[in-house]
Amino acid sequence: MEGASVVLGSATPAVDSYYKALRGEYELLTLKKRAMQQSLPQVYTVDLREELRSGNRSIISDKLRELMEDRIRKKEQIMLFINRRGYAGFISCRSCGYVVKCPHCDVSLTEHNDGTLVCHYCGYSVELTGRCDNCGDSHLRLLGAGTQKVEEELHAAFPGREILRMDTDTVSATHSHEKLLSRFEKERIPVLVGTQMVAKGLDFENVTLVGVISADLSLYVDDYRAGERTFSLLTQVVGRAGRGAKQGRAVIQTFTPENDVIRCAARQDYDSFYEQEIELRRMRLCPPFRELFVLTASGPLESAVLRTCMRLRRSLEGWLAQPPFRDWELTVLGPAPASVAKINDRYRYRLTLAAQNTKEIRAMVAHLVRCAQTDKENKGVSVSADVNPLD
């Protein structure tokens with residue numbers, strides 16, 4: 001609007017943006033080397049299945065432990081990344097298989113090391129009783145790991161060494177993350193463990209080793225951008241190592257080292273990742289080839305929410321059976337539950353329309369939402385629309 005120039009800068013551009021740049025819609029400028037001409041980190045990919053077969057049930061692989069010991073001996077620093085806060089990912093009963101879930105959200109509760117189970121969506125918390133709510137047995141098993149669990153194992157593996165943890169549980173006050181990072185840099189604290197907060201933008205010349213505890217956490221989720229997000233996270237966090245004069249090393253721990261996304265990230269190979277990803281999106285009619293219009297209905301009664309979605313679908317099909325709408329290239333998916341089907345006692349279902357983002361499509365979607373919101377049959381249910389929602 002103001003005639004300004006905009007620079008989109010990233011080591012891992014969004015696939016949509018890079019597609020536009022290659023087509024000439026954006027001007028593409030590339031930097032082939034690091035600012036100070038440093039070499040990229042040497043990356044090791046560790047197969048966690050092999051670690052288990054060899055008897056190592058620790059969060060830390062043998063290779064990562066070996067490199068950490070070497071860096072600590074040399075008084076160099078280490079950053080470890082895991083995209084989950086808390087202590088255990090979830091708690092399951094070994095007797096009946098019951099998983100402890102939030103009563104208000106369709107997610108499992110995460111154990112924190114103060115003995116509480118917390119929902120990371122609505123904030124609900126309850127004390128861990130030590131017995132299964134379903135069968136009463138005491139054989140509860142902690143599965144998965146978060147930043148607190150990693151911190152605990154590091155204290156056991158490297159006694160006497162200070163470990164800093166950076167997640168939303170430790171960084172709550174204003175500017176507290178800046179104080180924590182300042183301590184890490186000035187006091188040369190050996191290890192920093194963190195979530196996405198440590199993945200991007202940090203530049204510490206004494207950090208020569210980066211470890212990704214579990215590269216698979218963000219890869220197998222209900223989102224067409226899962227591969228892009230995982231590649232971006234891995235590439236960015238690996239790039240935190242070796243930003244000074246010393247050679248950097250990185251260890252990516254994964255149960256699927258053969259996955260193309262992880263292999264490209266280990267090589268820091270954006271071009272190969274992009275070529276594979278853009279073909280997948282072309283076949284699946286995902287952006288940038290079509291836009292995804294997501295109509296979401298939510299309410300306290302699951303049956304009412306589902307009925308609203310069905311009425312929306314019937315209205316849409318009625319429109320598309322008539323000219324000129326029947327000639328549109330449009331695919332309708334759903335109704336289907338959202339990836340987290342209930343949050344804060346509200347059920348969520350969605351319809352997805354894959355189509356070109358035209359004025360006519362937008363007008364139709366807006367009309368559908370207005371009709372649904374004013375329909376007395378949909379009492380208690382809210383309806384909203386979004387284009388290519390990020391979450």
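Brief remarks follow.
- Residues in the range 136-154 that are over 23 Å from the mean Cα position of the chain (by Cα) and without any contact (Cβ under 8 Å) to a residue 60 or more places away in the chain: Gly136, Asp137, Ser138, His139, Leu140, Arg141.
- Number of positions in the range 69-96 that are closer than 20 Å to Thr235 by Cα and open to solvent by less than 60 Å² (accessible area, probe 1.4 Å): 7
- Test: residue in the range 49-62 that is under 16 Å from Pro190 (Cα atoms), at pLDDT 85 or above, open to solvent by less than 80 Å² (accessible area, probe 1.4 Å) and assigned to a helix (DSSP H, G or I): no
- Residue list for the range 364-387, restricted to those being surrounded by fewer than 14 Cβ atoms within 10 Å (Cβ to Cβ) and over 12 Å from Phe293 (Cβ atoms): His367, Arg370, Gln373, Thr374, Lys376, Glu377, Lys379, Gly380
- Residue list for the range 114-124, filter: open to solvent by 50 Å² or more (accessible area, probe 1.4 Å) and over 23 Å from the mean Cα position of the chain (by Cα): Asp114
- Considering the range 338-357, and only residues there that are open to solvent by 50 Å² or more (accessible area, probe 1.4 Å) and at negative phi, the residue that is nearest to the chain's Cα centre (by Cα) turns out to be Ser339.
- Within the range 103-130, tally of residues that are within 17 Å of Arg84 (Cα to Cα) and part of a loop (DSSP other than H, G, I, E, B): 10
Quick grid of which residues meet (1) open to solvent by 20 Å² or more (accessible area, probe 1.4 Å); (2) closer than 29 Å to Gln77 by Cα; (3) in contact (Cβ under 8 Å) with a residue 24 or more places away in the chain:
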position	(1), (2), (3)
Gly130	yes, no, no
Asn134	yes, no, yes
Ala156	yes, yes, no
Arg165	yes, yes, yes
Lys179	yes, yes, no
Phe184	no, yes, yes
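- Put simply, of Pro335, Pro324 the only residue that is free of Cβ contacts under 8 Å to residues at least 24 places away in the same chain and either open to solvent by 40 Å² or more (accessible area, probe 1.4 Å) or within 15 Å of Val383 (Cα to Cα) (or both) is Pro324.
- Number of positions in the range 1-19 that are surrounded by 15 or more Cβ atoms within 10 Å (Cβ to Cβ), assigned to a loop (DSSP other than H, G, I, E, B) and of a type in the set (A, V, I, L, M, F, W, C): 1
- Which numbered condition Tyr347 fails, given (1) modelled with pLDDT under 95; (2) out of contact with any Lys or Arg (no Cβ under 6 Å at 6 or more places or on another chain): (1)
- Where helices (runs of 4 or more DSSP H) fall wholly inside the range 197-293, the ranges with 3 or more residues that are open to solvent by less than 30 Å² (accessible area, probe 1.4 Å) and among the hydroxyl-bearing types (Ser, Thr, Tyr) are 226-238.
The values are calculated or read from the model by the stated rules, or taken from the named source; none is laboratory data. Because the structure is predicted, anything quoted here is derived from the model rather than measured. In this analysis, Cβ positions are derived from the backbone assuming ideal geometry, glycine residues included, and neighbour counts consider all displayed protein chains. Quick note on the areas: whole protein, heavy atoms, side chains included, nothing else; ligands and nucleic acids left out. Shrake-Rupley method; radii C 1.70, N 1.55, O 1.52, S 1.80 Å.
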